[in-house]
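In what follows, a single structure is set out as structure tokens and then discussed.
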Amino acid sequence: MTYATHVLRHSKKIGSSSNLIRRDSAVLVRWFSNGTRSSMEKGDDILRCQSGLVSGERHNIPKSFNRCYSGSAVSNNSCRTVSPRMSFGNALRTTIAPCTSTGSVSFIRRSSGSQAPSRRGFSTASDLPPHQAIGMPSLSPTMTEGNIARWLKKEGDKVSPGEVLCEVETDKATVEMECMEEGYLAKILHGDGASSIKVGEVIAVTVEEEDDIAKFKDYQPSTSDATPSPKAPASPPPPKEEVAEKPVTPSQPKVSKPSAADRIFASPLARKIAEDHNIPLTNIKGTGPEGRIVKADIDDYLASRGKEAPAAAPKADTSLDYMDIPVAQIRKVTASRLLLSKQTIPHYYLTVDTCVDKLIELRSKLNSLQEASGGKKLSVNDLVIKAAALALRKVPQCNSSWTNDYIRQYHNVNINVAVQTDNGLYVPVVRDADKKGLSTISEEVKNLAQKAKENSLKPQDYEGGTFTVSNLGGPFGIKQFCAIINPPQSAILAVGSAEKRVLPGSSEGQYKFASMMSVTLSCDHRVIDGAIGAEWLKAFKGYIENPESMLL
């Protein structure tokens, strides 16, 4: 009862407070005098606002208040709530909710005008029904933009979850984009062959009802953004005019007309050409502003003397016959990643020659067994991949990648194999190559190479590699080359061709023929020291020259 008496006694002060509701927020705060405050502090904290109080703002108090009871004292566990109705502008109702926290009452605001955000898009135009805008998805970790290869659905077609809408050309492969919700394809904003579409940019619109398709015939998502844009540049023209007026003021004090007879005005380019041809400027009449000699005057003077102008040399370039080839998305990404690799990774190279006579002999035996069982033939590259995987398991330091804070060493040996196609360079991955047999590796490599040539690789076909093998020897006969590391990996093996060489024999004066293959290991010096790279090459050479050990 004592607290209720204080409330009634100071009701005038409470009523004189201002700005209870500001905009759409309603905050209840009690203000008491020093005497009242001291008496109130005898109990626990009561009626304390937990949200909505902005520092520096004072708020009004309504005529109705909550009161908490626990016998004759204030209770900290339960409160009886009252829902006052406050009128300010639009009728805003504030509900005071029960509070179970110690010594406080929570005030929850509910506005009649608030709406939960809808998952579907709504156009600013009132004549457009609810619709869903489909954006360009990010289908790989490095994708920033994509191309539309082709649409498998047409405008007006019904789409269901799981159906393929279109084929998107990412930075690494062509991926099918599936529909997530049921509806109708109302508008295609980027048709077949559309390129350089940023991730998130709207490419199509779907609706729920078939009757709403016709309303999106002229739909453009950028129209709403374009309307405010002309208003923004409307304000800057005044400063532009001021800038234009400023140079006029300094140009007025130019009183160069009297000295025009004594001084020859010419552009810097005209002076340079005149000096190169030993032409006195006094012999040339200027046609530029205020009689200034320009380049055209020099050219006319040289033409009158029968001499070639120096500007005729670059004209020879215009006679070249050329064709501009559009850059595919895969080639853009390959170019940027290789440039990043050469600029940021400290490369060094180790080359070793390996004798492959035993390897070729073992391959012939295994291929005869493959033919008898109906399997596919093994290639030298399949054996190289297996040897590289086993060498990585023996020297795991080379199966790592660099980060700024630590070196990450992988337990899985996933070998990327470089495959050249008409569209660009692909590097599909053979996972756990150290645990697979030669026939399995051969079959996977052939299938992945075929997918790469058909441009149908999926992200799981090329992501997650820890080491790369690039072979230019077998198909192209390259003797030796140095490959660029494929980040974030730390090494790549460049394989050359096998060729017959004359080698010293076991005794003096004797010689023998042997098939030798050169391989070069490119290493990231931040991760792989020179001795570690040499140790890996030693292990690799051991598997190549004694291929039976790979079968153990």
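The values are calculated or read from the model by the stated rules, or taken from the named source; none is laboratory data. In this text the structure is predicted, and so the values were computed from the model without any measurement. Positions of Cβ are generated from backbone atoms using ideal geometry, with glycine treated the same way; all protein chains shown enter the neighbour counts. We work out accessible area using only protein heavy atoms, side chains counted, and drop any ligands, DNA or RNA first. Shrake-Rupley method; radii C 1.70, N 1.55, O 1.52, S 1.80 Å.
Things worth noting here:
- The combined condition, being in a helix (DSSP H, G or I) and within 30 Å of residue 174 (Cα to Cα), is not fulfilled by residue 360.
- Top-ranked residue in the range 353-399 [being touching a Pro at 6+ places or on another chain (Cβ under 8 Å) and under 14 Å from residue 541 (Cα atoms); ranked as surrounded by the fewest Cβ atoms within 10 Å (Cβ to Cβ)]: 358
- Test: residue in the range 371-384 that is under 24 Å from residue 518 (Cα atoms), at pLDDT below 95 and charged (D, E, K, R): yes
Conditions tested, residue by residue: (1) at pLDDT 85 or above; (2) out of contact with any Cys (no Cβ under 7 Å at 6 or more places or on another chain); (3) open to solvent by 30 Å² or more (accessible area, probe 1.4 Å).
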residue: 123; (1), (2), (3): no, yes, yes
residue: 131; (1), (2), (3): yes, yes, no
residue: 142; (1), (2), (3): no, yes, yes
residue: 148; (1), (2), (3): yes, no, no
residue: 165; (1), (2), (3): yes, no, no
residue: 171; (1), (2), (3): no, yes, no
residue: 174; (1), (2), (3): no, yes, no
residue: 178; (1), (2), (3): yes, yes, yes
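- Among residues of the range 126-149 that are over 28 Å from residue 208 (Cβ atoms), those with a beta-carbon under 8 Å from a residue that is of a type in the set (S, T, N, Q) at least six positions away or on a different chain give the pairs 140/170; 143/170; 145/196; 145/329; 147/195; 147/196; 147/329.
- The lone exception for residue 341 - which of (1) loosely packed, with under 15 Cβ neighbours inside 10 Å; (2) farther than 24 Å from residue 444 by Cβ; (3) among the polar types (S, T, N, Q) it fails: (1)
Results for (1) without any contact (Cβ under 8 Å) to a residue 60 or more places away in the chain; (2) assigned to a helix (DSSP H, G or I); (3) not hydroxyl-bearing (Ser, Thr, Tyr), shown as yes or no for each residue.
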{"site": "172", "(1), (2), (3)": "no, no, yes"}
{"site": "191", "(1), (2), (3)": "yes, no, yes"}
{"site": "203", "(1), (2), (3)": "no, no, yes"}
{"site": "213", "(1), (2), (3)": "yes, yes, yes"}
{"site": "219", "(1), (2), (3)": "no, no, no"}
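- Residue in the range 504-524 that is under 23 Å from residue 361 (Cα atoms), of a type in the set (Lys, Arg) and at pLDDT below 95 present: yes
- Filtering the range 282-296 to residues that are under 14 Å from residue 263 (Cβ atoms) and buried (at least 17 other Cβ atoms within 10 Å of the Cβ) leaves 286, 293.
- Scanning the range 458-482 for residues that are open to solvent by less than 60 Å² (accessible area, probe 1.4 Å) and within 30 Å of residue 168 (Cα to Cα) yields 459, 461, 462, 463, 464, 465, 466, 467, 468, 469, 470, 471.
- Which numbered condition residue 455 fails, given (1) open to solvent by 20 Å² or more (accessible area, probe 1.4 Å); (2) at negative phi: (2)
- Screening residue 485 against (1) surrounded by fewer than 16 Cβ atoms within 10 Å (Cβ to Cβ); (2) in a loop (DSSP other than H, G, I, E, B); (3) of a type outside the set (Gly, Ala, Ser) leaves a single unmet condition, (1).
- Residue within the range 517-526 that is over 30 Å from residue 340 (Cβ atoms), open to solvent by less than 10 Å² (accessible area, probe 1.4 Å) and part of a strand (DSSP E or B) present: yes
- Filter result for residue 187 (at pLDDT 85 or above, in a strand (DSSP E or B) and not hydrophobic (A, V, I, L, M, F, W, C)): yes
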